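*Asks:* Let me begin by handing over the structure; questions about it come next.
Laboratory data are not the source of any read-out in this text; all were calculated from the coordinates shown. Model, not experiment: these values are computed from the prediction. Every residue, glycine as well, gets a Cβ built from its backbone with ideal geometry; the counts of neighbours run over all protein chains shown.
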Amino acid sequence: MALRVYDVMRREVVELRPREPGRVGMYVCGPTVYGPVHIGNARTLVWFDMIRRYLRYRGFDVTYVMNYTDVDDKIIDRARIEGTEPDVVAKRYAAMFERDMAALGAQPPDILVRATDHIPDMIGAIRGLIDAGLAYRADGDVFFAVERFPDYGKLSRRSLDEMRAGERVDPHPGKRHPLDFALWKAAKPGEPAWDSPWGPGRPGWHIECSVMSTKYLGMGFDIHGGAGDLIFPHHENEIAQAEGLAGHGPFVRYWLHAGLVQMAGEKMSKSVGNIVSAGDVVAAWGGEVARYWALSASYRTQVVFSEDALTDARAALERWRTFAAAAGRALGAPVAPRPGLVRPPGTEGRGYPARFVAAMDDDFNSAGAFATIHELVRTGNRLLEPAERGDATARDELGSLADDFAELTGLLGFRLEAPEASSGLVAGLVELLLRLREEARASRDFGRADAIRSGLGELGVVVEDTPSGPRWHLSGGPED
RNA sequence: GGCGGCGUGGCCGAGUGGUUCAGGCAAGGGCCUGCAAAGCCCUCUACUGCGGUUCGAUUCCGCACGCCGCCUCCA
């Protein structure tokens, strides 16, 4: 069974057939580093991290390129507000982004590219577009002439005429067509600027992605990703630039777009004032809960961000954690997610991993994949008791399930670590209290025993009584 | 107005032309437990509406209604 993806250009699910068998080049539009990334942005990038991991798991040699837009009007504005330089702003928020993404379990891209490191490449591309008659100068600006690129609109499926009908006010004075977009922007005084044949200035937003993606992956690379709101105009413009410059297509073989995050049924936007930063979510819920939330629905669906959704995610994740701990005890060896596995070809036929793969092969159907793990966990939980009792068959089956569990949860990028006691002192005090509680229980002083248990509970220590004595652990994540 | 997506049981969210079932959360009952917790078992008669195709549609087609996104910087 082949891996199938929904290609936005074709608007259908198609088999992924890379340009070069076994190798996948993917480029994903990263953040503009002018402020903390919000949870929607983070969800998209967590998802592409997941897609990259899954492609690796399926044996593809993946090269994952992501960019930072580190020169941009918003960065300049931000620097002005803070009374500092744009590059200081860009570096600070890039570092914050990397911290947030690490907390969310996203691995760094293989190649991280910054717009400011590629100005000469962009200037070269712009010059080429002018030479090809696809761009023109207007004072110190350079614009792409959309009317000169016949395929303009093919990704977003709209024609220039249609767009003209819905056109809004305020066309830029130098533009020949309202939808012409800037390749190069003349610098105003005090703005960061690079020398160019058209005078000092900076590149437009769209050109960086065309130039950097093809520089590192070549024309006609496999997967280009981003969130759905980039389809128009950003990705449309990337196509126009890259294919216009090359004189042929395709720029990209498969276009993948993530659904946008909604806040309580409405769009998350600055104007509505309902932006939630990824850092805040990580701080409040923990990165792993946020990752579960992000990945538990298909990347293409619009998801609603809410407390309830995060609460559900935390509960589900807790179930996995509990199983990992219990299976580890029953087997006498830790059960922990194992990242970085590659599933050899021909092993798709059996068991839970097979069902997992079948789901993920269908355009990364993570909901189906997660359901498979939940079913594995239930099966495993049923085996716990007989395995602990010494039933060899149950033990073997449980061991096999635990292996699968470790493989799949590792693939998903989870760690499932129980929170550790902050010190040996804490652990010692808890143990001491539990011994006192056992004495109380032995003398049937349940009032005292329950008081100790509930008191510990309020401090975040969960106590469970088992046939083999009490067991304790710290409660899940933040906000517990 | 143009383009696109979606409407599944209390909530979230997969999936399928027909005989058993997604999964999670929540709720109720049971087992276990001194009581809990965790876990397990059971229950909670789902597919927006109306037509059409079909032996049979939640699943295909049409229409209607509703919701959402993009069309301007936007992840």
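*Asks:* What value in Å³ per residue do you get for the convex hull of the alpha-carbon atoms in the range A:342-480?
*Replies:* 155 Å³
*Asks:* How much mean residue ellipticity at 222 nm does chain A get from its helices, if each DSSP H run of length 4 or more adds -39500 (n - 2.57) and you divide by all residues, to the nearest 500 deg cm²/dmol?
*Replies:* For chain A, the value works out to -15000 deg cm²/dmol.
*Asks:* Determine the dipole magnitude for chain A: charges of +1 sit on the beta-carbon of Lys and Arg, -1 on that of Asp and Glu, nothing else is charged, the reference point is the Cα centre, and the result goes in debye to the nearest 20.
*Replies:* In debye, rounded to 20, chain A gives about 420.
*Asks:* What per residue convex hull volume, in Å³, do the alpha-carbon atoms of the range A:1-157 yield?
*Replies:* 162 Å³
*Asks:* Which net charge results when you count Lys and Arg as +1 and Asp and Glu as -1 among the other residues whose beta-carbon is under 14 Å from that of A:Leu383?
*Replies:* With Lys, Arg at +1 and Asp, Glu at -1, the net is -3.
*Asks:* What residues qualify as long-range amide H neighbours of A:Asp180, i.e. H under 5 Å apart, gap of 5 or more or another chain, H built at 1.01 Å from N?
*Replies:* Sorted by chain and number, the residues that satisfy this are A:Val146.
*Asks:* To check you understand DSSP bridge types, tell me what percent of the beta bridges within the range A:199-332 (both residues inside) are antiparallel, rounded to 5.
*Replies:* 20 percent
*Asks:* If you don't mind, another one. I'd like the antiparallel share, as a percent to the nearest 5, of DSSP beta bridges with both residues in chain A.
*Replies:* Beta bridges within chain A, antiparallel portion: roughly 50 percent.
*Asks:* Please get the size of the charge dipole for the range A:238-292, origin at its Cα centre, with Cβ charges of +1 on Lys and Arg and -1 on Asp and Glu, quoted in debye to the nearest 20.
*Replies:* Using only the charged Cβ atoms, the result is roughly 40 debye.
*Asks:* Where Lys and Arg each count +1 and Asp and Glu each count -1, what net charge lies around A:Pro200 among other residues with Cβ under 15 Å from its Cβ?
*Replies:* 0
*Asks:* Also, I was wondering about something else. What size of dipole, in debye to the nearest 20, comes out for the range A:324-411 about its Cα centre when the only charges are +1 on Lys and Arg C-beta atoms and -1 on Asp and Glu C-beta atoms?
*Replies:* 240 debye
*Asks:* If you don't mind, another one. Give me the mean projected area, in nm² to one decimal, of the convex hull enclosing the Cα positions of chain A.
*Replies:* One quarter of the hull surface, i.e. the mean projection, equals 26.7 nm².
*Asks:* In 10 Å bins starting at zero, report the fraction of Cα pairs in the range A:54-147 per bin as a rounded %.
*Replies:* All Cα pairs considered, the percentages come to 13, 29, 30, 22, 6, 0.
*Asks:* Which listed residue (A:Val252, A:Gln302, A:Leu416) has the Cα farthest towards the positive end of the charge dipole for chain A, taking +1 on Lys and Arg C-beta and -1 on Asp and Glu C-beta about the Cα centre?
*Replies:* A:Val252
*Asks:* Any aspartates and glutamates with Cα under 16 Å of the A:Lys185 Cα? List them, leaving off those in the same chain fewer than 8 positions away.
*Replies:* Qualifying aspartates and glutamates at Cα under 16 Å: A:Asp70, A:Asp72, A:Asp73, A:Asp77, A:Asp121, A:Asp139, A:Asp141, A:Asp195, A:Glu208.
*Asks:* Please report the net charge: other residues with Cβ closer than 9 Å to the Cβ of A:Arg19, K and R +1, D and E -1.
*Replies:* Result for the local shell: +1.
*Asks:* Rounded if a/c is under 1.5, else prolate if a/b beats b/c, else oblate: with a ≥ b ≥ c from the C-alpha gyration tensor eigenvalues square-rooted, which is the range A:303-393?
*Replies:* oblate
*Asks:* Quick check on the exposure proxy: order A:Val24, A:Val65 from fewest to most C-beta atoms within 10 angstrom.
*Replies:* A:Val65, A:Val24
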